[in-house]
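Have a look at the structure below before the remarks.
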C-alpha cells in the first residue's frame, strides 16, 4: 500500500467490502465478492480487528532473542519466545486467580470454629488432673442441687400461710380447700376421699375456676404428696434403727447355731509313730539343700589359673599405663583381696603375718583357754578388745614408745585384729583413719631416725602396704595433703628427710605406671619441680646437699618409670649439670657447644681437683643414705656422688634405649663422660664401659636414622571414561531394565518424587502469594487509616477556621 495511512485505511475497508457501493452488478459472476459470502456481524468484527492489528504495529510487543534456542516445557522441546512458551503467562494468571479465591475463602473462615464446644468443667483447662475435674463437677452439682428453685411446686418456703398464699387459693370442684381441718385432704390417715362431699351444691351454679384458685389447688396437692413421702421416709429410718440395735443379738444367735452344727473334737489322738513322722517332715523342710563340692584341681589347672590371673592383671596395668582403663565403681566393702585370713564363713583371723624377714618373737602375748580350744577346732575365737584406737599420730607414738621395739609391730596387729570391720559397726571408718595415722607416724619416725631402727620402719611400711590394699579412702587424702606440704617446702628450698622417704612410700603403696594417678601424678610434678626450679635454673651455686637430694629423687623417678619407661627431660638435664658442677676443670671440655648447660652455672668451688687421687672403686652402684645426704660434705662424698651419677646414667640408657630421640638425650652426656676419662679412667672402670656403650648406641642410631621424606605415592593415570552405547536405543523408552517389578518400583519412586517437588513448589507459591496479599491489605489499611485521619484533621481545621472567622465577624460587629 502506498500513500498515507488514511488512504491505506480507506483502501482496506473498500477492498473488504465494508464501505462503498455494495449492489454493483457484474457480468462475470463466477467470483463472488467478500461481502456476498460474509455473515452479518461476526465476519465484519474479525475483519476490523485484522485491519486494526495491521495499522497498530507499534502497540504489539514481540520478544526477540539474539540467538534462537529451545527449552524443555511440559516434557517437550519448545522454542523460546514462541506461542507455546508464552502459554506459561496465561496459566500463571489462572493460578493467581485460584490462589486469590482460596485466600479469600480462608480469610472468611479465619477465626471461626465449627462443631461442638465442650463446656464441661475442666475439659478446657489443661492444668487440671482427672481427679480435680471430677471434684469440680461434683462440687458444681451439689451447689446446683442446694439452690432453691422458685418454680418448685413442693417448696414450703416460697408460699406460706402468713402472706395468705400470695393472693392464690386452691380449690377443688368449686370449693376452697382448707388444710387446718384434720379431716381434710391433708390428713394422711385417710387414703381415700369421698368425692361426693367435695361436689358443689346443686344450688351453686357451675363456674370457671380462676387462675388464683387453680394455683392454690396445685400447691395444696404438691404439699400433700410431699408430706406423704416424708412420713414414709421417717418410718423407714425407724425400721433401720431397730435393726441396728438388734444386730448384735442376731449375730450371736447365728454364731451359736453354726458352732453347734460344725462342732468337732478339739484334740486329735495320734500315735507316737505319727508324731515322730511329723517331726521328721518338719526337719526335712528346713534342711538346706546339699551343694556339690568343688572338684579337686590338678597342678596344671592351678598353674593355668595363676597364669591367667597374672596375665589379666598385667593387661589391666598396661591399660592404666596407656590411659585406656575405664574407671570402675569401687564398692565400699571391697574385701576380696585376701586381707583377712581364715575361714570365709567366719571371716575371722588376721591376715597380717610375719614374713620371712620379720622374725619377731611374740613373747608377751598370752592366749586364753578359749583361744586354745578354738585353735584345736580349726577356728579363731574373737578376742575381747584390749587395745584402744589412737586418735592421731602423737597418741600412737606415745603408746608405741612405752613398748619394746619387738612388741610395737604386734601391738599394731592387735589394733587391726580388734577393730575388724565385721566385729562392730563403725570399725571400718576407724580403720580408714588409722591407716592415715600410721602413714604420718612412719614419716615422723623416719625424720627422727638415726639408722638403727630402719628395720622397724620397714616392718611398719609392710604393714601399711597390707592395710592400704583395703582401707585407702582416708589414706589418699592424707597423702595428698602431705604432697601439698612438700611442694611448699620445695618452693622454700628446705626439704626434710621424711619428704624423701614419703616419695619411696608412695611408690611402694600405689601403682606408678598409670597414665594418671591421684597420688603418683602430683608426686611426679613436685619432684620434677624440685629438679628444675631450685637446682637447674634459679641457683648458680647449688650445695652438695641439694645435689644429693636431686640424685636421690632421680633414683626414685627411675623406679617410678621402670614399667612405663616414659621420658623425663629433667633427669638428663640435671645429671649433666651435676657432672659439670663436680668434675675437674669443666671449662676445658671440648665441643662444649653441644651441651645444654652454660658456663655461667659452673660452680668452681664445688669441682673436684684434678690432682686429687682416689682409690679404685669396683662397685657399680653406691647406696646413698638419707642421713649422709643431709650431713656429709667432703671430697670423698663428692666422688661418691659422681659414681652415683654414672650409675644413674647407665640406668637411664638401658631404660630409654628404645626411644627414637636417644641421640639428643645422650650426646651432651657423652661429651662430659669423655672429659671425665682424662682424670678417672684408671679409678672408675665402669666409666670406660659406659662411654663405649653410649658411643656404640649413637653410632648405630646415626647409621639407621634417615631424614624424613614425603610419603611415596604410586603414580596414578588420569581416569578416562568411555561412553556407554545402547545397541537398541529408543528415545521413547525410559528404562532398559528387564526386571518389570523393579522398573515399576522405580517408576513409582520417580512419580512420588515429582509429586513431592510439585507439592512443595505449590506450597511455596501459595505462601508467597498469601504474604503478598497480606502486605497489600496492610498497606491499604494504613492508607485508609491515614486518609481517615487526614480527613478528620482537615474537617477540624475547617470547622475551627469557620468558627474563628465567625468569631472575628461577631467581635467586629459588636
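Brief remarks on what is shown
- Cα centroids of the stretch 677-703 and the stretch 412-432: 57 Å apart.
- Prolate/oblate/rounded label for the stretch 618-679 (Cα gyration tensor, a/c 1.5): prolate
- Per-residue Cβ neighbour rank within 10 angstrom, fewest leading, 676, 321: 321, 676
- Spin-label model distance (nm) - residue 613 vs residue 728, 7 Å beyond Cα toward Cβ: 11.3
- Principal axis box of the stretch 773-814, alpha-carbon based, largest edge first, Å: 60, 5, 5
- Note on 324, 495, 318: ascending count of other Cβ atoms within 10 Å places them as 324, 318, 495, the fewest first.
- Ranked list, fewest to most other Cβ atoms within 10 Å of each Cβ, for 223, 674: 674, 223
Read the figures in this text as sums done on the coordinates, not as results from a lab. Just so it is clear, the model here is predicted, and its values are computed rather than measured. Neighbour counts run over all protein chains shown; Cβ positions are idealised from the backbone, glycine included.
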